[in-house]
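What follows draws every value from the coordinates through simple rules; no lab data is involved. Everything quoted here is computed from the prediction, not taken from an experiment. Cβ coordinates were reconstructed from backbone atoms using ideal geometry, including for glycine residues, and neighbour counts include every protein chain displayed.
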Protein chains: 2
Amino acid sequence: MTNRQWIFARAPNGAVSPDCFEWREAPVPVPGPGEVLVRTRMLSLDPANRAWMNGPSYREQVMPGDVMHGFTLGEVVASNVPEFTTGDLVDGMSGWQDYAAVSAGSLTKRNARLAPEHLIGVLGVTGLTAYHGLFDVGLARPGDVVLVSAAAGAVGTITGQLARLAGCHVVGIAGGPEKCDWLVNELGFHGAIDYKAADFRAQLRAACPNGVDVYFDNVAGEVLDAALLSMNERGRIVCCGAVSAYDGGVSPAGSPLLPGLLITRRLRMEGFIVLDYAAARPQAEARLAGWVEAGQLKTFMDIVEGLENAPAGLVRLLAGGNFGKMAVQVA
Amino acid sequence: MTNRQWIFARAPNGAVSPDCFEWREAPVPVPGPGEVLVRTRMLSLDPANRAWMNGPSYREQVMPGDVMHGFTLGEVVASNVPEFTTGDLVDGMSGWQDYAAVSAGSLTKRNARLAPEHLIGVLGVTGLTAYHGLFDVGLARPGDVVLVSAAAGAVGTITGQLARLAGCHVVGIAGGPEKCDWLVNELGFHGAIDYKAADFRAQLRAACPNGVDVYFDNVAGEVLDAALLSMNERGRIVCCGAVSAYDGGVSPAGSPLLPGLLITRRLRMEGFIVLDYAAARPQAEARLAGWVEAGQLKTFMDIVEGLENAPAGLVRLLAGGNFGKMAVQVA
């Protein structure tokens with residue numbers, strides 16, 4: 001038995017590329033006292049993976065030589081603690097490898113009767129990010145105009161649908177007409193606009209003639225600037241991600257609208273990390289599961305087959321090539 | 001009887017200068033139905049006066065040909081409405097002139113037993129801005145480290161003292177060692193740092209070794225950038241003013257730290273306008289008055305004598321030449 005791994009070999013200079021990673025086959029680790037051996041079933045690919053390469057943030061930096069970090073859904077195959085037994089499904093941060101020996105305290109047991117793709121998507125970090133960002137940070141309420149960037153991505157597809165369920169008017173921002181059509185026709189967004197279009201700013205104004213009350217920002221940069229100009233007084237800007245800055249290797253120039261526009265329009269901009277809402281997770285997860293079961297919340301998975309294809313998957317994700325939640329089927 | 005006026009004659013190209021204004025002597029206006037004739041007693045000079053020249057904001061732009069706009073404390077000299085009688089002291093926006101005929105609805109009656117300099121300062125827009133910004137936007141609580149920029153200015157001197165009264169650790173940012181000494185020795189700030197010093201960023205880190213919980217920002221620009229780097233997780237940035245941007249004629253480059261740092265540190269940035277808190281004014285004013293009467297809140301007025309010196313006063317204010325609240329004694 002070997003433990004297949006992707007090592008983060010070198011930091012990208014600009015966009016991440018497959019040669020940032022090196023394949024290695026190592027022995028399967030032996031769990032120590034208090035540890036559990038977990039076999040990775042699914043590996044979540046997230047824009048944040050790229051941000052982790054740029055420096056310490058809300059968590060440690062990924063350093064050359066590390067097994068590449070990542071959120072995982074795994075199965076317990078050996079346990080030295082009474083809380084976990086063989087066969088348990090668990091959330092964790094096993095990274096880009098088949099097996100990890102981890103401390104029991106770093107794991108969360110999941111309900112094995114639920115579909116794995118839901119556990120790693122709408123009922124995992126992705127869905128919880130959308131839920132807490134929209135309702136706890138953005139304070140979305142019925143009648144609000146909610147604008148979502150990276151709307152065809154994992155968090156965006158759920159955020160937009162949750163806003164619609166909450167009685168908001170939802171407009172998505174995505175790259176290209178195909179994604180925009182999909183948002184309106186498949187996900188029920190009220191409008192969608194293409195940030196790659198030459199007339200993007202005019203499209204945004206036309207799609208939100210009464211302004212924007214909540215802007216759920218996954219991208220930062222020029223899209224944030226355009227959204228700022230459409231904000232209504234007392235609007236909320238949910239700072240969830242800044243993917244336009246992640247893959248460039250350097251920080252972008254800041255917005256000349258900040259902080260002045262926050263004052264004149266009384267805007268609130270607030271950043272959050274979903275891990276801060278752990279105490280509220282059971283309630284949020286139960287609601288998300290209820291909407292999924294009732295068919296009111298559609299989930300779209302973009303599955304990469306096989307651990308060997310993880311680097312190519314991340315490259316495609318960061319280039320905006322995914323529809324919905326991207327994850328690697330490892331075992 | 002003539003009505004002496006300063007006309008906003010031409011928009012500044014960069015820093016405001018006295019030749020942006022033209023002196024005019026006009027007849028005293030006659031109040032129409034529903035109007036009141038107000039004689040200006042004191043004219044408030046505020047950094048916002050300069051921002052009003054740059055474009056429409058939360059209020060109309062000052063346009064060439066207008067009597068220069070400004071907050072005023074005045075005395076009713078004729079009234080066509082039953083709510084006001086001769087001798088009443090009133091808050092208003094009479095602008096840079098001796099007399100204005102204004103609609104009764106635009107005036108707020110003040111308590112004539114209080115000192116005029118308090119009515120236009122700590123018990124006026126200035127003090128209320130500090131109070132609502134610190135407590136309602138910044139959510140300052142005992143033990144917080146509160147950092148205030150333009151700390152020797154009108155709002156800053158009150159904000160810092162209110163934070164101290166609330167049990168916070170208060171550090172001020174001001175220009176030059178004289179102002180910094182004054183903040184510590186006269187106003188009871190726990191620390192003060194000089195943004196003009198070459199080692200400003202090192203001074204800031206040394207003055208806030210445990211980071212900053214609330215940054216009350218009156219200036220934006222490079223000082224905001226330095227403050228952002230010292231913010232603790234879940235810190236609040238109160239966007240009150242952006243005076244570094246007002247007098248330059250062009251918007252500064254934005255901060256490359258935004259919005260990324262808001263996410264990794266879970267920060268909230270929120271803008272506000274004191275006029276939004278009108279409903280809470282009586283309570284806020286009563287508290288401020290109580291602290292002033294008890295000697296717990298010191299007020300520092302920088303009085304310019306005579307309407308003819310208003311332009312020079314505004315130029316000095318924007319150059320950072322004031323200690324405390326600047327106002328023109330008109331009559």
Practice item. Given the options B:Pro177, B:Pro27, B:Pro311, state which has the largest fluctuation in a GNM of chain B using a 10 Å cut-off (strictly under) for Cα springs. Key: B:Pro27
Exercise for review: Using the structure shown, list the pairs from B:Lys298/B:Lys325; A:Lys196/A:Lys298; B:Lys109/B:Lys298; B:Lys179/B:Lys325 with a Cα-Cα distance above 22 Å, or answer none.
Suggested key: A:Lys196/A:Lys298; B:Lys109/B:Lys298
Check your understanding: Roughly speaking, what is the centre-to-centre gap between segment A:1-55 and segment A:99-138 when only Cα atoms are used, to the nearest Å?
Key -> 19
**Study point:** Cβ-based net charge around B:Phe135, under 12 Å, with every Lys or Arg adding one and every Asp or Glu removing one
**Key:** +1
Review point. Suppose R0 equals 25 Å; then what is the FRET efficiency for A:Ala279 and A:Asn210 from their Cβ-Cβ distance, rounded to the nearest 0.05?
Key: 0.10
Exercise for review: Considering only B:Ala154, B:Ala192, B:Ala319, give the residue with the highest GNM mean-square fluctuation for chain B, with springs between Cα atoms whenever their separation is below 10 Å.
Suggested key: B:Ala319
Point to revise | Helix A:281-293 axis, angle to chain A major axis (alpha carbon atoms, nearest 10°) | key: 80
Check your understanding: So for A:Lys325, B:Lys109, fewest C-beta neighbours within 10 Å to most, what's the order?
Key -> B:Lys109, A:Lys325
Exercise for review: Obtain the nm distance between the two label points defined at A:Asp136 and B:Gln61 by a simple spin-label model: each point lies 7 Å from its Cα along the Cα-to-C-beta direction.
Suggested key: 4.3
Practice item. Report, by chain and number, residues whose modeled amide H sits under 5 Å from the one on A:Phe272, excluding near sequence neighbours (fewer than 5 apart, same chain). Key: A:Cys239
Point to revise | Max mean-square fluctuation residue, GNM over chain A, Cα-Cα springs under 10 Å, options A:Gln203, A:Gln161, A:Gln97 | key: A:Gln203
Check your understanding: To the nearest 500 deg cm²/dmol, what mean residue ellipticity at 222 nm is calculated for chain B from DSSP H runs of n ≥ 4 alone, each contributing -39,500 (n - 2.57), summed and divided by the residues?
Key -> -7000 deg cm²/dmol
**Study point:** Pairwise FRET efficiency - B:Asn13 versus A:Ala319, Cβ, R0 = 56 Å, nearest 0.05
**Key:** 0.80
Study note, to complete from the structure: at B:Leu114 the sorted inter-copy label distances (label 7 Å from Cα on Cβ side), in nanometres, are 5.5
Study note, to complete from the structure: Between A:Asp181 and A:Glu222, Cβ-based FRET efficiency (R0 30 Å, step 0.05) works out to 0.85
Review point. Which net charge results for the neighbourhood of A:Arg281, defined as the other residues with beta-carbon distances under 13 angstrom from its beta-carbon, given Lys and Arg at +1 and Asp and Glu at -1?
Key: -1
**Study point:** Surrounding net charge for B:Leu204, when Lys and Arg each add one and Asp and Glu each subtract one, Cβ distance under 15 Å
**Key:** -3
Point to revise | Chain B, rotation onto A, residue closest to that axis via Cβ, with its distance in Å | key: B:Gly254, 1
Review point. Distance in nm between label sites at B:Ile303 and B:Ala26, each 7 Å beyond Cα in the beta-carbon direction?
Key: 2.8
